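Novice: Before I ask anything, here is the structure I am working with.
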Amino acid sequence: IDFDLLLEKVKDLNLLAGEGISHIKHMPGGARLWQPEPLPLTLYQNGIVMFNGPFRPYEDPSTQQCLQDIMDGYFPSELQMRYPDGI
């Protein structure tokens with residue numbers, strides 16, 4: 001795994017998702033600035049952990065698909081269930 005390239009692709013996706021950009025949330029009596037919650041992704045020499053989920057070895061097909069999506073410049077398709085309206 002080319003970790004430098006993977007980290008570059010993750011940075012690109014973070015920018016696309018609006019990292020560091022505040023949004024206005026209208027509330028009764030005013031408004032509030034908020035930022036989307038980050039999606040934790042921890043890379044290890046032999047696998048990944050996404051969110052607070054289980055360790056996923058690189059040999060696992062779902063891990064390979066997740067990383068391939070990122071390397072292709074897409075958000076991992078497994079996030080569609082959790083974020084049906086997009087990230």
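Novice: Does the stretch 49-62 include one or more residues that are within 17 Å of L6 (Cα to Cα) and in a helix (DSSP H, G or I)? Before you say what the answer is, go through the steps one by one.
Specialist: If we filter the stretch 49-62 for residues that are within 17 Å of L6 (Cα to Cα), which is where we start, we get 49-50, 56-59, 62.
If we keep only those that are in a helix (DSSP H, G or I) as well, we get 62.
Yes - at least one qualifying residue is present in the stretch 49-62.
Novice: State yes or no: is F75 open to solvent by less than 80 Å² (accessible area, probe 1.4 Å), over 15 Å from K9 (Cβ atoms) and either touching a Pro at 6+ places or on another chain (Cβ under 8 Å) or touching a residue at least 60 places away in the same chain (Cβ under 8 Å) (or both)? Please lay out each step first, then the result.
Specialist: Values: open to solvent by less than 80 Å² (accessible area, probe 1.4 Å): yes; over 15 Å from K9 (Cβ atoms): no; either touching a Pro at 6+ places or on another chain (Cβ under 8 Å) or touching a residue at least 60 places away in the same chain (Cβ under 8 Å) (or both): yes.
No.
Novice: Has the stretch 56-69 got any residue that is among the hydrophobic types (A, V, I, L, M, F, W, C), under 16 Å from the mean Cα position of the chain (by Cα) and surrounded by 10 or more Cβ atoms within 10 Å (Cβ to Cβ)?
Specialist: Among the residues of the stretch 56-69, at least one is among the hydrophobic types (A, V, I, L, M, F, W, C), under 16 Å from the mean Cα position of the chain (by Cα) and surrounded by 10 or more Cβ atoms within 10 Å (Cβ to Cβ), which makes the answer yes.
Novice: Taking the stretch 42-55, which residues are open to solvent by less than 60 Å² (accessible area, probe 1.4 Å) and touching a residue at least 12 places away in the same chain (Cβ under 8 Å)?
Specialist: L43, G47, I48, M50, F51
Novice: Let me ask something additional. Among the residues in the stretch 6-23, are any open to solvent by 60 Å² or more (accessible area, probe 1.4 Å), within 20 Å of L79 (Cβ to Cβ), part of a strand (DSSP E or B) and modelled with pLDDT under 90?
Specialist: Yes, that holds for at least one residue.
Novice: Are any of the residues in the stretch 8-16 free of Cβ contacts under 8 Å to residues at least 40 places away in the same chain and farther than 25 Å from G53 by Cα?
Specialist: No, the stretch 8-16 has no match at all.
The values are calculated or read from the model by the stated rules, or taken from the named source; none is laboratory data. Computed from a prediction, not measured in an experiment: that's the story for all the values here. A quick note on method: Cβ atoms are made from the backbone with ideal geometry, for glycine too, and the neighbour counts reach across all protein chains shown. Please note that ligands, DNA and RNA were not included when accessible areas were found on the heavy atoms of the full protein model with its side chains. Shrake-Rupley method; radii C 1.70, N 1.55, O 1.52, S 1.80 Å.
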